[in-house]
Amino acid sequence: MDDKFKTDSDGIKQSVREYYGKELQGNKDLKTNACCCSGKVGDEVKAAMALIDDEILDRFYGCGSPIPPLLDGMTVLDLGCGTGRDVYIVSKLVGESGHVIGVDMTPEQLSVAERHKDGQMKRFGYKVPNVEFLQGYIEDLGSLGIEDGSVDIVISNCVINLSPDKEKVFSEISRVLKKGGELYFSDVFADRRVPESVYRDPVIHGECLGGAMYVEDFRRLMAKVGFADFRYTSISPVTIDNKDILSLVGGTSFTSRTVRAFKVDGLEDACEDYGQSVAYLGNIPGHPDYFDLDDHHRFCRGMWKKVCGNTAAMISGSRFKDSFAIRGDRSTHYGKFEDCGDDELNICGPGCCCN
């Protein structure tokens, strides 16, 4: 532990900026796999990634693949964009009519992103760039001119854990999202509140472990800022091979999780039964046979499935509404949704409608 590490907000930001701007010159310099875990990616994302310059890829520090489908024409905001890997992938997926904003506080990384802008636009065949990069803090998007209700989708890849004020981050996300908009991000989470000694260590903090959110505190925070229900789309363990870091974190276990949340009306803090059902139409690109809303909701094409009120609201109130047929409304309440339980995603059976 470095006693010079400042735990005040400005001190944490300065330490993180120095770690990612000066200490790390590439993802091979990382001391754990917390900031370099890879998630499953679809064919569209793979094809876009193949067009990204090597320097951008070499300085990528993410822990998942928080890039949802149905992005054509969307306005997407990437919080903590770094050298712009996900920004440029999404740039290809939103098309020339879409728009992507990347925000980061580290000038060294943004300089890499900016340097490749013209080349990436040329590879995508765009006459006019559809991306912009802004230097600033994800806790204060207003100072960057990002207005209320101006963004369709917010993404982030292993960055929110680095913030000293996560409530401000999620409040800003809620503010800038349009009604029906989606938050889709990957990050590192802890199974308990990390000890002060872990939080204060600049290397462990920079490795995305020191500021990892305790999963239950995260649940409470999401409810506080207006996301009454959210879903995990994937959860995987974070391994720590560095003995020094492992000895400092003690018994704390970490996971990399991808989270999906919608800014839609009608979400409740529990699964309620209104007798609603949905059927997937099979028209989401890259998902011809089924679509996974989260890690316990698989919707197979043409098969009706009973869902809780929250799941129905997420689908009917978001851009996914045109990809589903929906039966029922909330005119009659049947009590708590009783079919909550883990649903194996390799089958198309009864679904769970709980977090």
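Based on Cα atoms of segment 54-167, Rg over Rh with Rh as the Kirkwood radius reads 0.93.
Once the Cα-Cα distance is subtracted from the 0.36 nm per residue extended length, the SER253 to TRP304 segment shows a gain of 14.5 nm. Pairs to check: LYS117/LYS166; LYS179/LYS305; LYS263/LYS306; LYS166/LYS243; LYS92/LYS117. Give those whose C-alpha atoms are more than 18 Å from each other in this structure. Pairs exceeding 18 Å: LYS117/LYS166; LYS179/LYS305; LYS263/LYS306; LYS166/LYS243. Maximal additional length on extending the ASP339-ASP43 stretch stands at 103.3 nm, based on 0.36 nm per residue less the C-alpha distance.
Extension gain, ASP244-ALA50: 0.36 nm per intervening residue step, less the Cα-Cα distance, totals 66.2 nm. In terms of the mean number of neighbouring beta-carbon atoms within 10 Å, the peptides 248-257, 330-339, 196-205 order highest first as 196-205, 248-257, 330-339.
Put GLU182, GLU172, GLU114 in order of accessible area, highest first, and with a 1.4 Å probe you get GLU114, GLU172, GLU182.
When a 1.4 Å probe is rolled over the protein heavy atoms, the share of accessible surface on segment 115-217 that falls to carbon and sulfur comes to 46 percent. Phi angles across segment 294-302 convert, under the Karplus curve 6.51 cos²θ - 1.76 cosθ + 1.60 with θ = phi - 60°, into 3J(HN,Hα) values of 7, 7, 9, 10, 9, 10, 8, 4, x Hz, Gly and Pro given as x. Where does the charge balance sit around TYR88 when Lys and Arg score +1, Asp and Glu -1, over other residues with C-beta under 15 Å from its C-beta? After counting each charged neighbour, the total is -4. Treating r as the C-beta distance of SER143 and SER111 and R0 as 25 Å, the FRET efficiency rounds to 0.75. Here segment 53-209 carries DSSP beta bridges of which approximately 0% are antiparallel, counting only pairs with both residues inside. Amide H to amide H, with H built 1.01 Å from N, TYR274 comes under 5 Å of GLY309, TYR334, counting only residues 5 or more places away or on other chains. Less than 5 angstrom separates the built amide H of TYR290 from those of ARG301, all sequence-distant by 5 or more or on a different chain.
Charged side chains reduced to their Cβ positions (Lys and Arg at +1, Asp and Glu at -1) give segment 197-239 a dipole of some 160 debye around its Cα centre.
Placing R0 at 41 angstrom, the Cβ-Cβ distance between VAL215 and ASP289 gives a FRET efficiency of 0.85 after rounding to 0.05.
The values are calculated or read from the model by the stated rules, or taken from the named source; none is laboratory data. Not measured: the values here are computed from a predicted model. Cβ: placed from backbone, ideal geometry, glycine included. Neighbour counts: every protein chain shown. The area values use the complete protein model at the heavy-atom level, side chains included, leaving out ligands, DNA and RNA. Shrake-Rupley method; radii C 1.70, N 1.55, O 1.52, S 1.80 Å.
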